[in-house]
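Below is one structure; the comments refer to it alone.
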Amino acid sequence: MSASSDPDPFAPAAAAGIHRLAIPTPFAVGRVNTYLIEDDPLTLVDSGPNSGRALDELQHMLGERGHSIDDIQLILITHQHIDHIGLVDIIASHSNAEVAAIEAAVPFIENYSEAAAEDDRFAMDLMTRHGIPEEVARALGSVSAAFRGWGSKAKITRVLKDGDTIELRDRSLHVHFRPGHSPTDTVFEDSERKHLLAADHLIGHISSNPLISRPQGGGERTQALVQYMDSLRKTRAMELDLVLPGHGDPITDHRTLIDQRFEMHERRAEKLYGLIEERSRSAHELAQALWGNIAVTQAYLTLSEVLGHTDLLVNAGRVREVEEDGVVRFATVR
């Protein structure tokens with residue numbers, strides 16, 4: 001059977017009035033799924049990045065459905081990443097739409113440039129503390145600063161809390177806070193239809209990387225993978241028939257997928273334990289042992305991946321952190 005004759009995996013969502021609009025991004029992940037909910041109010045879930053091409057394609061896709069950005073009445077933000085928030089301010093300024101986001105996301109989105117710069121400074125310090133050479137950290141900082149233009153600040157006019165309900169004419173969307181992939185991940189559940197707008201909390205074809213993020217108000221860094229796995233356990237317990245992700249196709253068996261992710265994280269933690277058992281290593285050295293020399297743009301992603309799994313090992317009492325000359329190394333607990 002040719003790909004063109006395959007059934008549309010988004011057809012069940014479309015039948016319920018939720019239409020996937022796949023918006024181009026400049027990132028390796030490819031297009032981002034935004035969702036138009038044809039209801040009252042007319043609702044857009046996420047926006048795509050801040051670029052002329054993304055805006056043009058969004059306007060064209062809305063036009064195909066008989067709408068324009070001026071018609072949008074409510075924008076729901078799932079999390080703070082720039083491929084999801086970049087066009088929110090432009091759309092809201094055209095349409096006067098209400099903009100809703102979880103409480104934890106408000107300081108970042110409303111103060112985007114300053115918050116992103118603070119994130120970069122936090123990331124630079126974390127990278128050097130875990131063995132990434134300063135020149136690599138500086139280069140990645142420059143790349144991150146260049147990417148910043150794909151995002152934009154926006155005014156949040158409706159602050160959401162975990163457990164809130166958003167009432168539309170034809171459905172109720174229950175708000176669930178699911179931090180981990182980012183510190184602000186939020187999913188929206190239609191419990192009557194057993195649909196979940198999950199964005200990057202759960203993606204079928206790739207594992208959502210729990211990026212280590214700057215702790216709000218200072219203090220110790222968040223254990224992003226530990227937090228993410230806690231969030232996944234909550235989602236696993238939900239009764240769902242269709243999960244609509246931020247990238248790629250819908251998920252129809254979320255429990256099997258989540259179980260596979262848990263198994264993957266267990267395997268990776270064991271592999272890292274074996275490397276640490278050979279000799280103490282920094283997170284950067286562990287990343288090199290797993291993936292070799294990686295592109296500068298991947299340095300923070302792989303560092304987050306390693307630290308997520310060493311957090312699991314530290315919490316289990318199997319590994320400890322040892323600081324030498326300002327660099328953290330991981331050693332087994334004897």
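Inverting the pair-averaged 1/r between distinct Cα atoms of segment 161-288 gives 16.1 Å as its Kirkwood hydrodynamic radius. Dipole magnitude for segment 154-224: about 200 debye, using +1 per Lys or Arg Cβ and -1 per Asp or Glu Cβ, origin at the Cα centre. Taking Cβ atoms as reference points and 12 Å as the exclusive limit, the residues near Met61 contribute a net charge of 0, counting Lys and Arg as +1 and Asp and Glu as -1.
Computed from Cα atoms, the angle from the helix 134-147 axis to the main principal axis of the chain rounds to 0 degrees. The slack in the chain from Arg255 to Ile294, taken as 0.36 nm per residue of separation less the alpha-carbon distance, amounts to 10.8 nm.
Roughly how compact is segment 215-282, stated as its Cα Rg over 2.2 N^0.38 Å to two decimals?
1.46
Per residue, the accessible area of the chain comes to 44 Å² when a 1.4 Å probe rolls over the protein heavy atoms. The Cα trace of segment 66-142 gives Rg and Dmax of 16.7, 53 Å, the first to one decimal, the second as a whole number. A crude spin-label estimate for the pair Ser191 and Ala237, with each label 7 Å from Cα along the Cβ direction, gives 1.3 nm. Label point 7 Å out from Ala139 along Cα-to-Cβ: which residues of segment 300-327 have amide N under 16 Å? Counting only backbone N, you get 300-303. Measuring nothing but how far apart in sequence close Cα pairs (under 8 Å, 6+ apart) lie, relative to its length, segment 1-160 scores a relative contact order of 20 percent. The convex hull of the Cα atoms of the chain, projected and averaged over all directions, covers 17.7 nm². Can you give the relative contact order of the chain as a percent, counting alpha carbon pairs under 8 Å and 6+ residues apart? Relative contact order of the chain: 14 percent. The charge dipole of segment 287-334, taken about the Cα centre with unit charges on the Cβ atoms of Lys, Arg (+1) and Asp, Glu (-1), comes to about 220 debye, rounded to the nearest 20. Expressed as a whole percent, the accessible surface of segment 99-190 that belongs to carbon and sulfur atoms is 52, based on a 1.4 Å probe. Were the residues from Glu110 through Asn96 laid out at 0.36 nm apart, the gain over their Cα-Cα distance would be 3.4 nm.
The solvent-accessible area of Arg171, taken with every protein chain present and a 1.4 Å probe, is close to 10 Å².
The charge dipole of the chain, taken about the Cα centre with unit charges on the Cβ atoms of Lys, Arg (+1) and Asp, Glu (-1), comes to about 780 debye, rounded to the nearest 20. Segment Ala15..Glu270, full-extension length gain: 87.4 nm, with 0.36 nm per residue of separation and the alpha-carbon distance subtracted.
The values are calculated or read from the model by the stated rules, or taken from the named source; none is laboratory data. As the structure is a computational prediction, the values presented were derived from the model and not from experiment. Positions of Cβ are backbone-derived with ideal geometry, glycine not excepted, and every protein chain shown enters the neighbour counts. For the accessible areas, the whole protein counts, side chains as well, though only heavy atoms, and no ligand, DNA or RNA atoms are used. Shrake-Rupley method; radii C 1.70, N 1.55, O 1.52, S 1.80 Å.
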